[in-house]
1. Report, in whole Å, the centroid distance computed from the Cα atoms of region 63-133 and region 184-244.
2. Test of understanding: ordering 427, 233, 249, 152 by Cβ neighbours within 10 Å, fewest first, what list do you get?
3. For every helix of n ≥ 4 consecutive DSSP H residues, a contribution of -39,500 (n - 2.57) applies; sum these over the chain, divide by its total residues, and give [θ] at 222 nm rounded to the nearest 500 deg cm²/dmol.
4. If you take the Cα atoms of region 9-193, find Rg, then find the Kirkwood Rh from the mean of 1/r over all pairs, what is Rg/Rh?
5. Taking Cα centroids, how far is region 272-315 from region 340-415 in Å?
6. Averaging sequence separations of C-alpha pairs under 8 Å and six or more residues apart, then dividing by the length of the chain, give the relative contact order as a whole percent.
7. Of the peptides 84-92, 356-364, how do they stack up when ordered by the mean number of other Cβ atoms within 10 Å, highest first?
8. If you fit an axis through the alpha-carbon atoms of helix 384-399 and take the longest principal axis of the Cα set of the chain, what angle between them do you get, 0 to 90°, nearest 10?
């Protein structure tokens, strides 16, 4: 096998590629980060540059030379340059014949060019095997260590070339997914341009709840006081009204993290099997629970900050002074029940927020990856429901006996704290039903593979499937 002109057939042997250095065209952030990862994985690395003598610092152990020299020196070449700089590759076409070119380029926006970058590259160098891939891994991720199991995508028309790239990526600790021929290159190039795809549903739900509660409170509190009492309390919109909205949205978003799990459990109990797919809407809901929980944590943090600054507000200090003057003029006896209520209210809020933060920390890959499955499940499930319980109890104590006070219902509308307690209460009731021993035992058997199937008209018979 000649070093300068390798046919595609020898790519069958991964040892052939591993015995030679890998080439990188491009000495920018992505090229340097990729070279560092390859060197740490035991590969030799040679860089091709327009200016080998002034291309800046490169990873220790790598060589640098001109594009033509580097192309003759290696058989697998990573293209880490922008599409607008591909012209030099056409001039190098004779030296790239039979080589494997891995296109890592991305664009600034979708449909910027009439054809995919990889397809354009294949047209410039028709006798090379172009593979589109690794473009979903950023330079920052390469510099800071790739999490184990990070997924990357490959596509290309030459199976042997894709196999060689896949073996290299696997050695870097990546999980490779084959997307087929090079016609899928545009789809792969659009992946990095997606804007928070997993966050769309949680953010949409949070925005909708925030807008709905904000409008509801403005009408129920601000407009009501102005119309019925002639008082202008619009100053409360900035802090006190916003604080109520943040608390309500946080509690509902937290409960929406656990509601789909309860629904899934009841579906499995009803069907008597775990092998039937959930409805698409439930699948999408369950896949974005982590994002919903983090959004809920964000609103909880806002609620905590607003609550801390609330005593510093002008209206709060005025009310404090007024209450002190009234107490001096007309002393009252100490209300032990009210003291218990207020202390319990604050204690549950603090404990709930502490567990909130704990849930958020364990959802981080760097933290969650250090936990065993049982530890992670304990935190996210058992402590998660405990967090929901504390926060729901926090809301109930806030309402106390005002649930039965007709003066609480302005224009016959319930306060926000009552509305935001509905879904969390439903979730907690569902969970209580699920943890009943007979229900929990049946659900556990179903999740371990047991199935309940009718046998030829005998609806009461049970069929067991051992896996």
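1. 47
2. 233, 152, 427, 249
3. Working: 21 runs with 240 residues, N = 467.
About -15500 deg cm²/dmol.
4. Numbers: Rg = 14.9 Å, Rh = 16.2 Å.
Here Rg/Rh amounts to 0.92.
5. Distance between centres, Cα-based: 11 Å.
6. Details: 613 pairs, mean separation 52.6, N = 467.
Result for the chain is 11 percent.
7. In descending order of packing, they fall as 356-364, 84-92.
8. Its long axis makes an angle of about 30 degrees.
Computed from the coordinates by the stated procedures, all read-outs in this text should not be read as laboratory data. Keep in mind that this is a model prediction, so the values were computed, not measured. Ideal geometry is used to build each Cβ from the backbone, glycine not excepted, and the neighbour counts take in all protein chains shown.
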